[in-house]
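Colleague: Mind having a look at this structure? Questions to follow.
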Amino acid sequence: MSLDKDLIDKLVNVTSSASIACYMHIGKKNKIIADKAATDSMRNNLNKLDIDGRVVIGEGELDEAPMLYIGEKLGTGKGLSIDIAVDPLEGTNFAANNLPGAMSVIAVSAKNNLFNAPETYMDKLAVSKDVPFDATDLDFSVEKNIKNIADSKNKDISKITACILDRPRHKEIIDKLKNLKVNLKLISDGDISGALLVTDKKYNTDIFLGIGGGPEGVLTAAALDSFNCKFQGRFLFKSDKDILRAKKMGISDLNKKYEVDEIVRGDSIFCATGITSNELVNGVKFENGKFITETLVTHKNSSNKIVKKEVPIT
């Protein structure tokens, strides 16, 4: 089922409003208040839409999140039945410290078409569409993935750029990449935006890899699907509680490697509005009594684009 293009405009308004709600909290060193401002705005505006929405990726489970919790119903209940994945403020530290990379993100699909991911870590790999599908794999070694990408692009390994979260857990991978003399793009947070750098040659990123949030993996897959990029993810369960939660969500094979079409089925819409500027989108600006926002929009059944909005102050 194809999603109505009119829904794109409505979702852009939702993420733009959430970003504007964060504006006054940028650089104020309080990521909790900034996140709450974005969450409150997003929930309020989603509830105004004529949709029968259900949160499959949200701020956590009901006992952890008072709003935009997993399973929460959103909208008037009168319209299209859709699954909703949200990250009202991706990069809370970026917003709190006025650093590049904070965004407000949402993805939607028809009901039961978005994977209901548990709140746990995920091992991820993303590459651009110009790399043959079978050239990379989560089960390959770092060396094999890099060499295969270099061969497929007819590039020297020293010209390959890998993006990865700068975390102690990635020390072994980072050391291997350094030994290969690969160019490193280390990011401190924001693995949704990091993975999206493989979508266009202008970002000069050949592969995104490493361990990040599982819910963020679903949002990433929704965007990469529209760009025909490859994404793979495997959930990592560190505790019995994680395993129990996963089984309640219907995950029986705890070691399964998920492809994009298993995470996002059918048509989907993804919107990411900049709060602070990054390589993908500009952050919120206030000029001449108006907020100016920029949103990356992907729609599997139409075109991917950047949408700019001017919102008068109220």
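The values are calculated or read from the model by the stated rules, or taken from the named source; none is laboratory data. Computed from a predicted model, the values in this text were never measured in an experiment. Cβ: placed from backbone, ideal geometry, glycine included. Neighbour counts: every protein chain shown.
Colleague: Out of everything in the range 235-270 that is free of Cβ contacts under 8 Å to residues at least 24 places away in the same chain and small (Gly, Ala, Ser), what residue ends up being surrounded by the most Cβ atoms within 10 Å (Cβ to Cβ)?
Modeller: 239
Colleague: Please count how many residues of the range 35-79 are over 20 Å from residue 103 (Cα atoms) and polar (S, T, N, Q).
Modeller: 2
Colleague: Of the residues 160, 164, 149, 173, which is among the aliphatic types (A, V, I, L, M), touching a His at 6+ places or on another chain (Cβ under 7 Å) and either under 25 Å from residue 260 (Cβ atoms) or in the same structural domain as residue 206 (by TED's automatic domain parsing) (or both)?
Modeller: On the way: 160 fails: touching a His at 6+ places or on another chain (Cβ under 7 Å); 149 fails: touching a His at 6+ places or on another chain (Cβ under 7 Å); 173 fails: touching a His at 6+ places or on another chain (Cβ under 7 Å).
Answer to the selection: 164.
Colleague: Are any residues in the range 286-295 closer than 28 Å to residue 226 by Cα and surrounded by fewer than 23 Cβ atoms within 10 Å (Cβ to Cβ), and if so, which ones?
Modeller: The answer is 292, 294.
Colleague: May I ask you to verify whether residue 60 is at pLDDT below 95, at positive phi and not hydrophobic (A, V, I, L, M, F, W, C)?
Modeller: Against the criterion (at pLDDT below 95, at positive phi and not hydrophobic (A, V, I, L, M, F, W, C)), residue 60 qualifies.
Colleague: Filter the range 136-156 down to residues that are in contact with a strand residue (DSSP E or B) (Cβ under 8 Å, 6 or more places away or on another chain) and crowded, with 18+ Cβ neighbours inside 10 Å and give me whichever is nearest to residue 210 (Cα to Cα).
Modeller: Here the residue is 142.
Colleague: Shifting gears a bit: May I ask you to list the residues in the range 79-126 that are aliphatic (A, V, I, L, M) and assigned to a loop (DSSP other than H, G, I, E, B)? It would help to see each step written out before you state the result.
Modeller: So the first thing to find is which residues in the range 79-126 are aliphatic (A, V, I, L, M), and the list is 80, 82, 84-86, 89, 95-96, 99, 102-103, 105-108, 110, 114, 117, 122, 125-126.
Passing the criteria: 99, 102, 117.
Colleague: I'd like the full set of residues that are aliphatic (A, V, I, L, M) and under 26 Å from the mean Cα position of the chain (by Cα), limited to the range 169-189. Step through it out loud before you land on a result.
Modeller: Looking only at the range 169-189, we keep the residues that are aliphatic (A, V, I, L, M), and these are 173-174, 177, 180, 182, 184, 186-187.
Result: 173, 174, 177, 182, 184, 186, 187.
Colleague: Across the range 72-96, which residue is nearest to residue 31 (Cα to Cα) among those that are within 13 Å of the chain's Cα centre (by Cα) and among the small types (Gly, Ala, Ser)?
Modeller: Within the range 72-96, the match that is nearest to residue 31 (Cα to Cα) is 91.
Colleague: Being charged (D, E, K, R), farther than 16 Å from residue 191 by Cα and out of contact with any Leu (no Cβ under 9 Å at 6 or more places or on another chain) is the filter here, so list the residues in the range 143-169 that pass it.
Modeller: 144, 151, 153, 155, 156, 159
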